[in-house]
Ligand SMILES: [Fe+2]
Ligand SMILES: [Fe+2]
């Protein structure tokens, strides 16, 4: 039995507010990829889908004169750091287990290597799965942040993912990010 569902996370006003900046369609697609990769690489699918859903929750709106400014973003971005902290706070608030919340937050922190020293970090399987899922939905010029989805199909896809995770999760109960 999970403490918190994807639906609970998704409908929370904090999630809605921040995910609108980076794109709800992207967040859902990445959660679906993360679920798929989690199954393939024997990683807890509940953790993977939650981290993926929230991975870009730390985005700031990088606009200059009403337009997205990619240079400004690249120079100053700390969305993974901010996202890890925001996601952790939110998860604890809605009743997530502390260890689970920590694993998810660290996976969010490491989903992008844009600010990390190259090649010095060995990612854990959960962290790799979330980073791979993000890459799988990436489009050139950051277009993945602008895809749109209507509220009804968004919620349907979240619920579908929840029920797939519910049917797997007994296998992973009490395990941390990986079964290896
Ligand atoms: Fe990101
Ligand atoms: Fe992303």
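With the simple spin-label model, which puts each label point 7 Å out from Cα in the Cβ direction, the residue 12 to residue 135 separation comes to 2.9 nm.
Which of the peptides 50-59, 67-76, 34-43 is most tightly packed, and how do the rest follow, judged by the mean count of other Cβ atoms within 10 Å per residue?
Numbers: 50-59: 28.3, 67-76: 11.8, 34-43: 20.6.
Listed from highest to lowest mean packing, they are 50-59, 34-43, 67-76.
So how much slack lies between residue 1 and residue 113, counting 0.36 nm per residue of separation and subtracting their Cα-Cα distance, in nm? Walk me through the numbers on the way to the answer.
Numbers: separation 112, 0.36 × 112 = 40.32 nm, distance 3.31 nm.
Result: 37.0 nm gained on full extension.
Here the stretch 58-180 is described by how far its Cα atoms reach on the three principal axes: 49, 41, 28 Å, from widest to narrowest. When a/c reaches 1.5 or more, the comparison of a/b and b/c decides; with that in mind, is the stretch 90-152 rounded, prolate or oblate per its Cα gyration tensor? Oblate.
Counting helices only, and only those DSSP H runs with n ≥ 4, report the 222 nm mean residue ellipticity of the chain as the sum of -39,500 (n - 2.57) divided by its residues, in deg cm²/dmol to the nearest 500.
On the way: 9 runs with 111 residues, N = 180.
Dividing the helical sum by the residues of the chain leaves -19500 deg cm²/dmol.
Structure remark: mean-square fluctuation, Gaussian network model of the chain, C-alpha springs under 10 Å; the largest value among 16, 127, 99 belongs to 99.
The stretch between residue 167 and residue 61, if pulled fully straight at 0.36 nm per residue, gains 34.4 nm over its current Cα-Cα span.
Read-outs throughout are calculated quantities, based only on the coordinates presented, and are distinct from any laboratory measurement. Everything numeric here is computed off the predicted structure, so don't read it as measured data. Note that we place each Cβ from the backbone using ideal geometry, even for glycine, and neighbour counts take in every protein chain shown.
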